[in-house]
Amino acid sequence: MESVIDIEGLSLAYERDGQRTEVLADLDLTIQPGELVAIVGESGVGKSTLLRVLMGLAKPSGGRVRVATGDSRRPPVALVFQDARLLPWRRVISNVAFGLEWRGIPRMKRLERAKAMLRLVGLGNLAHRWPHQLSGGQRQRVSLARALAVDPEVLLMDEPFSALDSFTREALQDELQRIRAETGKTVLFVTHDIDEAVYLADRVIVLAGAPAGISALIEVPVAHPRRRHDPTLAATVRQLRTELSARSAEL
Amino acid sequence: MRTPQRLGLAAAGLALFLAIWEAAPRLGLVNPAFLPPPSVIPGAFWKEITSGIWFGAVLSSLSHYLIGLAAGVGCGVALGIASGMFRWFESATAWIVRVLRPIPGLAWVPFAIIWFGVQPSAAVFIIAIGVFWIVFFATQGAVRGVDRDLIEVAQAFGFRSSTARLVKILLPASTPGILVGVRTALGQAWMAVVAAEIFGVPGVGQRMMQASSLLATDIVVVYMLTMAGLYGLFDSAFVALQGWLLRWKA
């Protein structure tokens, strides 16, 4: 099968006041269709920069980045931000339809699609609320629906559940599992929560160093749907923790 | 304090104010020609209405007010957006703004008369200038204050042109700030109406000047109250509109 994301020798540096800072160096990553890859790493290591490169908002200074575009009507990527970032002056449904507005899709079609996405994330009955009337978890669901609405090749998620309380977080993790099973979306998921990464991902990538590169790559050998207390998951978490502490000892 | 008590007190205060006002000329404390007692105002008002002068003056003032307000708000919003959105525009206009901004609207009266004559357009010009700066700075500030994060949302979903950024994010996000400026302008424009008409353009201001030169102070008061009433009407209508436009706010 052809890969959806192909990154080869990616490096990125920016210059400020004549000082060159290298953020990413010689990064290779291939993601297959339908995979969920989690990227973990300390804050500031360059995880968000990598997402910005994939969105075309940051220019790499070296290497090749290829994101599949299945057909011209679908964008390659769509992002779920850490804070939901809904537009407060739009009702929920019109927030979800936001990304469809430049594709020349008629209004009725857009709203229909948005409605379907809201049902998918379990908020079909809140379509006409204002964002400020929603809880944090509901807002993040709307943000997820907004990204799914444009039907991207890859769904990018930037620490999407880290601002939520632990009950809501677990509910949304399960929700994401279910949605992936229903839609078969490819997902690139940035987090600093190792348990979350292992629970959700097919592969976990550890980003470390300055400039950052992939310092470890671990496959999670458990089929979906997963149970939260699966012993193999717990073992993988331990393995990843050992790996991480070994790396930080090296540095 | 509970609401009925507050209302009672407010009514009592107004009644006391009117009583003192009525008493002062009647007891001979002031010359009634300089301060007409409030009891003569309804009669004067009725005379102004039945003679048709009131409607004529109010209508022509209203047309100056609305056109001047629209022109000033329109230019203020447009240039405020340009200046808030584009650094180069802000830099290019920085010194022009610094020179023109401190000039009071009334200082433009000589030029208004030279350019437009003693015509409604002169009044419109004075009103528009009086309103322009308030709206300009409110808009510029509001546009510049828009959350970067929201602009990033637009970029993330493929809206990268400045037009798309303006329509999808900047304009709706800065509406609350712009409306605050427009509401201030609503009041400022009334002041400008009187000022602009005092030099002879037909309207409420001109009628007040006529009346005062004949010492018809009761008529002056009629128009003072007329302006207070009209302003109250416009302001309440605007607050209602503002509430509806900003119904998305928490």
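From A:47, A:59, which residue is modelled with pLDDT under 90 and closer than 20 Å to residue A:159 by Cβ?
Details: A:59 fails: closer than 20 Å to residue A:159 by Cβ.
Being modelled with pLDDT under 90 and closer than 20 Å to residue A:159 by Cβ holds for just one of A:47, A:59, which is A:47.
Looking only at the range A:60-70, which residues are away from chain B (no Cβ under 13 Å), within 20 Å of residue A:32 (Cα to Cα) and part of a loop (DSSP other than H, G, I, E, B)?
A:68, A:70
Can you name every one of the strands (runs of 3 or more DSSP E) wholly within the range A:142-224 that holds 2 or more residues which are away from every other protein chain (no Cβ under 14 Å) and farther than 27 Å from residue A:91 by Cα?
Output list reads A:186-191, A:203-208, A:213-219.
List every residue pair whose Cβ atoms sit under 9 Å apart, with the two residues 6 or more apart in sequence or on different chains, where the first one lies in the range A:222-244 and is in contact (Cβ under 8 Å) with a residue 24 or more places away in the chain and the second, anywhere, is among the aromatic types (Phe, Trp, Tyr) and not in a loop (DSSP other than H, G, I, E, B).
A:226/A:199; A:228/A:199; A:233/A:199; A:237/A:199
Can you tell me which residue among A:24, A:87, A:57 is part of a strand (DSSP E or B) and either surrounded by 14 or more Cβ atoms within 10 Å (Cβ to Cβ) or free of Cβ contacts under 8 Å to residues at least 24 places away in the same chain (or both)?
A:24
Only one of (1) of a type outside the set (Ser, Thr, Tyr); (2) more than 30 Å from residue B:246 (Cα to Cα); (3) more than 16 Å from the chain's Cα centre (by Cα) is not met by residue A:102, so which one is it?
(2)
Within the range B:140-163, work out how many residues are more than 10 Å from chain A (Cβ to nearest Cβ) and either part of a helix (DSSP H, G or I) or under 18 Å from residue A:150 (Cβ atoms) (or both).
Looking only at that region, the number is 9.
Quick check on residue A:229: is it over 15 Å from the mean Cα position of the chain (by Cα) and over 22 Å from residue A:6 (Cβ atoms)?
It is true that residue A:229 is over 15 Å from the mean Cα position of the chain (by Cα) and over 22 Å from residue A:6 (Cβ atoms).
When you go through B:183, B:148 one by one, which is the residue that is basic (Lys, Arg), surrounded by fewer than 20 Cβ atoms within 10 Å (Cβ to Cβ) and modelled with pLDDT of 95 or more?
Of the residues listed, the single one that is basic (Lys, Arg), surrounded by fewer than 20 Cβ atoms within 10 Å (Cβ to Cβ) and modelled with pLDDT of 95 or more is B:183.
Suppose we filter A:119, A:64, A:113 for residues that are buried (at least 18 other Cβ atoms within 10 Å of the Cβ) and within 21 Å of residue A:152 (Cα to Cα); which single one remains?
Working: A:119 fails: buried (at least 18 other Cβ atoms within 10 Å of the Cβ); A:64 fails: buried (at least 18 other Cβ atoms within 10 Å of the Cβ).
None of the other options fit; the residue is A:113.
From the list B:84, B:56, which one is touching a residue at least 24 places away in the same chain (Cβ under 8 Å), over 18 Å from residue B:219 (Cα atoms) and assigned to a helix (DSSP H, G or I)? Outline the logic, then answer.
Numbers: B:56 fails: over 18 Å from residue B:219 (Cα atoms).
Exactly one residue qualifies, and that residue is B:84.
Might you check whether a residue that is within 13 Å of chain B (Cβ to nearest Cβ), touching a residue at least 40 places away in the same chain (Cβ under 8 Å) and β-branched (Val, Ile, Thr) occurs anywhere in the range A:91-108?
Yes, the range A:91-108 contains a residue that is within 13 Å of chain B (Cβ to nearest Cβ), touching a residue at least 40 places away in the same chain (Cβ under 8 Å) and β-branched (Val, Ile, Thr).
Assess whether residue B:240 counts as being buried (at least 16 other Cβ atoms within 10 Å of the Cβ) and not polar (S, T, N, Q).
no
Check the range B:237-245 and report whether any residue there is under 30 Å from residue A:94 (Cα atoms), away from every other protein chain (no Cβ under 14 Å) and β-branched (Val, Ile, Thr).
Yes, the range B:237-245 contains at least one residue that is under 30 Å from residue A:94 (Cα atoms), away from every other protein chain (no Cβ under 14 Å) and β-branched (Val, Ile, Thr).
What do you reckon, is residue B:186 more than 13 Å from every other protein chain (Cβ to nearest Cβ) and within 28 Å of residue B:96 (Cα to Cα)?
It is true that residue B:186 is more than 13 Å from every other protein chain (Cβ to nearest Cβ) and within 28 Å of residue B:96 (Cα to Cα).
In the range A:112-134, what count of residues is obtained for those that are within 14 Å of another protein chain (Cβ to nearest Cβ) and part of a loop (DSSP other than H, G, I, E, B)?
So the answer is 4.
The values are calculated or read from the model by the stated rules, or taken from the named source; none is laboratory data. Note that the structure is a prediction, hence the values are computed from the model and not measured. Counting neighbours? That spans all protein chains shown, and the Cβs are built from the backbone with ideal geometry, glycine included.
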